[in-house]
1. Return a yes/no flag: does segment 78-94 have any residue that is assigned to a loop (DSSP other than H, G, I, E, B), among the charged types (D, E, K, R) and either more than 30 Å from ARG248 (Cα to Cα) or not assigned by TED's automatic domain parsing to the domain that holds LEU28 (or both).
2. What number of residues in segment 309-329 are crowded, with 16+ Cβ neighbours inside 10 Å, small (Gly, Ala, Ser) and touching a strand residue (DSSP E or B) at 6+ places or on another chain (Cβ under 9 Å)?
3. Touching a residue at least 60 places away in the same chain (Cβ under 8 Å), closer than 27 Å to VAL21 by Cα and out of contact with any Leu (no Cβ under 8 Å at 6 or more places or on another chain): is that true of ASP143 in this structure?
4. Please find, among LEU265, LEU223, LEU219, LEU231, the residue that is modelled with pLDDT of 75 or more and not in a helix (DSSP H, G or I).
5. Filter segment 343-366 down to the residues that are under 17 Å from ARG324 (Cβ atoms), at pLDDT 85 or above and of a type in the set (Gly, Ala, Ser) and list them by number.
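The values are calculated or read from the model by the stated rules, or taken from the named source; none is laboratory data. Since this is a predicted model, take the numbers as computed values, not measurements. Virtual Cβ from ideal backbone geometry, glycine too; neighbours counted across all protein chains shown.
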Amino acid sequence: MALNGDLATMGLEDIFQWLAVGKKTGVLELRGPLHTKRVGFHEGRVTSIWSSDPREYLGQYLLAFNRITEEQLREALATQEDENQLLGRILINRQLVTEAEIRRIVQLKVEEGIFDCFLWQAGGFEFHDGASLGQKSMLISLDVTGIVLEGARRLDEWKRIREFIKGGDAVPAAVPEAIADQLPLASEDADVLARVDGIKTLDQLVIEMRAPEFKVHKLIFDLKERGMIRLVLAGGNLGDNASLQLQRARALVEKQKLQEAQEELKRVLQDQPLHQDASKMMMVVKDMLEEKKVDLDMIPELAMSLEELMHVNLGPNEAFLATRVNGLWTVRDILTIAPFDQEECLGIFSKLLKRGVLKDTKAGGPEASAGQGYGLR
């Protein structure tokens, strides 16, 4: 029996229970506003997940838990490409992590990837009976009941959070007096409070901490409830995700149908002029249409001092990439550790080069080099 449809008419809870009760083996494909995920099932139990969202790659989770450094991740990914080994196995062989740690983080990665789908406001699904993900991965076996209960709980909590924190553009600030009264702090609370400065948005904190969006919003919400954080801005100016229009635009970009993608994005921005994701993608499409190529093997350098860079108006993703430029890593190297899409990274590099924030160490500059251009995941 085939199963496909719209998440608005058949929720994830019902889909997962159908697969569990029927002890189905196959792949459940979930298509959200921006990303696609595929969940592997064996006899009604969850075994693995694949996601198009770079924030959900295993390497990003390992960085978030401070188990490896960015340099160690870059080197391991280079080895993985050469030797076609599992990333976790490479890191275990190098004695950077234990097998128990990898298994624990892989399970967390699978769970968090699924829980995130419960928060989607729109999307589609299709179950491919008998299919497999067709990728090397460390398989696990998770009971669906626990996943469904936690997913439903998070959805309820997300609705509560959104009553006070309207969007990722919300700006939190610490309340020192309240913090002093509640010392000592839990490590997670101390970590997020150390990053809150009354200027950074929640979107910036998500990138800095490499943590799931729900987790960061929940931490801020709980600290606000305890009086240790106040909101300078409640956010919400970016609006909700523009249904599946962005997914269609991304698919058009991947197929190099740039004019059609641009028209799709124009429709999104006409309804929601401040939509952050649509604006970012539009920037990338415009750069691609102008045929501004960025060589993946280029070694970028800062065209200014770090002190001068602090005074440049950069977005959170721009700041992330600019601060990873060290005069040694190529663009390709930096892409391997970035927690967002390759096409967005390349668009940002192009923009930073044109603005004079970065410079190309190769003679002739980025536009004269015979690079590979905008490769898409």
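1. As a first pass, look at segment 78-94 and keep what is assigned to a loop (DSSP other than H, G, I, E, B): 84-86, 94.
Checking the rest, the ones that are also among the charged types (D, E, K, R) come to 94.
Filter again for either more than 30 Å from ARG248 (Cα to Cα) or not assigned by TED's automatic domain parsing to the domain that holds LEU28 (or both), leaving 94.
Yes: segment 78-94 contains one or more residues that are assigned to a loop (DSSP other than H, G, I, E, B), among the charged types (D, E, K, R) and either more than 30 Å from ARG248 (Cα to Cα) or not assigned by TED's automatic domain parsing to the domain that holds LEU28 (or both).
2. Residues in segment 309-329 being crowded, with 16+ Cβ neighbours inside 10 Å, small (Gly, Ala, Ser) and touching a strand residue (DSSP E or B) at 6+ places or on another chain (Cβ under 9 Å): 1 in total.
3. On the way: touching a residue at least 60 places away in the same chain (Cβ under 8 Å): yes; closer than 27 Å to VAL21 by Cα: yes; out of contact with any Leu (no Cβ under 8 Å at 6 or more places or on another chain): yes.
Here the answer is yes, as ASP143 does meet what is asked.
4. Working: LEU265 fails: not in a helix (DSSP H, G or I); LEU223 fails: not in a helix (DSSP H, G or I); LEU219 fails: not in a helix (DSSP H, G or I).
None of the other options fit; the residue is LEU231.
5. If the condition is that a residue be under 17 Å from ARG324 (Cβ atoms), at pLDDT 85 or above and of a type in the set (Gly, Ala, Ser), then SER350 is the only one that fits.
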